[in-house]
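What follows is a set of notes on a single structure, which appears directly below.
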Amino acid sequence: MSSSTGAGSDRLAGLLAEHRELEAELADPAVHADAARARRLGRRYAQLAPVVETARALDAAADDLAAARELAGEDASFAAEAEELAGSVGELTGRLTELLLPKDPDDEKDVILEIKAGEGGAESALFAGDLLRMYLRYAERRGWATEVLDAVPAELGGYKDVAVAIKSRTDEGIFSRLKFEAGVHRVQRVPVTESQGRIHTSAAGVLVLPEAEEVDVSVDPNDLRIDVFRSSGPGGQSVNTTDSAVRITHLPSGIVVSSQNEKSQLQNRESALRVLRSRLLAAARDEAAATASDQRRSQVRTVDRSERVRTYNFAENRIADHRVGFKAHNLDQVLDGDLDPVLDALTAAATAELLAAGS
């Protein structure tokens, strides 16, 4: 295969070689005796498929273009074909260049998404509930599986804090799609508690963490302090009569996670550990690659109305993403899970930034 992408040619050669090695490994029946390994290799093989297919198509188009140009010297009727092929080569070269851009190592992972109410009291908690429904509806549209790991309801509805796991039923990378949702989301509307019809502004924070597998993060049980307590709902009402809720403190890092959504203490412990592993993975990625942590630094640190990434204006039925200047007057549809247009805009902007940095 002779595809050349300038500075990316070495990277392309490496990826093509990796694809051949994976193909050989996956053809070995012994590999499939280890289901987890086979799934990991299969996922990587599927990730590389677009690169291989595009490189092959580019090679074929380049060969056809060379032949058409040679024949055009003898027969003018081939000139139009050569012009069309030149356009195809240009498009395929651009596509391959994008595919060879550096990838976030977490892009293909499933995610744990956390929503935290912030300034705005009861209204912020209600908005956190709206955001949760939006992400659950979007996941449903994409065919992703969801599982609420922990939820702390608020007295008047919504949530003070909620964490949900979102998993792909295929090899589709969820983190690559949802990572741009991290940050402070601001809402402007008349709260249900407002008697004079005044518009209020409140905010909720969204954290998007790549879900860590046990092979990604090793957690020493000796580093954990595990406390159990009784789950409680709005107003302090007990939702069950046993000490089934679990709080885990990772002593070296000081990270604290809790889960009270399940009836079983064992299930809550496992849910809390999933969140803990993902937070530890995100912290390790940030520490190991400071230059690649700009996106995570943009994730909410304090749920403050001033440092928002997106505004949801109910009076104008408008959504505005302040990072890319995206605006649309279909807020009702967005809150019902129609997130693709704004996510497409954010993905395109991130790709353009990487292309500009590499030029």
Provide a single number: the residues in the stretch 123-135 that are buried (at least 21 other Cβ atoms within 10 Å of the Cβ) and either part of a strand (DSSP E or B) or among the aliphatic types (A, V, I, L, M) (or both). 5
I'm checking my understanding of the structure. Among residues of the stretch 62-109 that are free of Cβ contacts under 8 Å to residues at least 12 places away in the same chain and buried (at least 16 other Cβ atoms within 10 Å of the Cβ), which one is farthest from G183 (Cα to Cα)? A72
Of the criteria (1) at pLDDT below 85; (2) among the β-branched types (V, I, T); (3) crowded, with 17+ Cβ neighbours inside 10 Å, which one I112 fails: (1)
Could you tell me whether the stretch 52-61 includes any residue that is surrounded by 20 or more Cβ atoms within 10 Å (Cβ to Cβ), under 24 Å from V184 (Cα atoms) and among the hydroxyl-bearing types (S, T, Y)? no
Subset of the stretch 243-274 that is without any contact (Cβ under 8 Å) to a residue 40 or more places away in the chain and of a type in the set (K, R) - its residue that is farthest from F229 (Cα to Cα): K263
Say we look at the stretch 225-255 and pick out the residues that are hydrophobic (A, V, I, L, M, F, W, C) and out of contact with any helix residue (DSSP H, G or I) (no Cβ under 8 Å at 6 or more places or on another chain); which of these is modelled with the highest pLDDT? F229
The stretch 317-334: number of residues that are aliphatic (A, V, I, L, M), in contact (Cβ under 8 Å) with a residue 24 or more places away in the chain and surrounded by fewer than 18 Cβ atoms within 10 Å (Cβ to Cβ): 1
Within the stretch 11-20, residues under 28 Å from the mean Cα position of the chain (by Cα) and not hydrophobic (A, V, I, L, M, F, W, C) come out as R11, G14, E18, H19
Of (1) part of a strand (DSSP E or B); (2) under 23 Å from T351 (Cα atoms), Y138 satisfies every one except (1)
Pairs with Cβ under 6 Å, 6+ apart, first in the stretch 136-157 and at pLDDT below 95, second among the aromatic types (F, W, Y): A151/Y159; P153/Y159
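The values are calculated or read from the model by the stated rules, or taken from the named source; none is laboratory data. What you see is a predicted model; the values in this text were computed from it and never measured. Don't worry about glycine lacking a Cβ; one is built from the backbone with ideal geometry, like all the others, and counts go over all protein chains shown.
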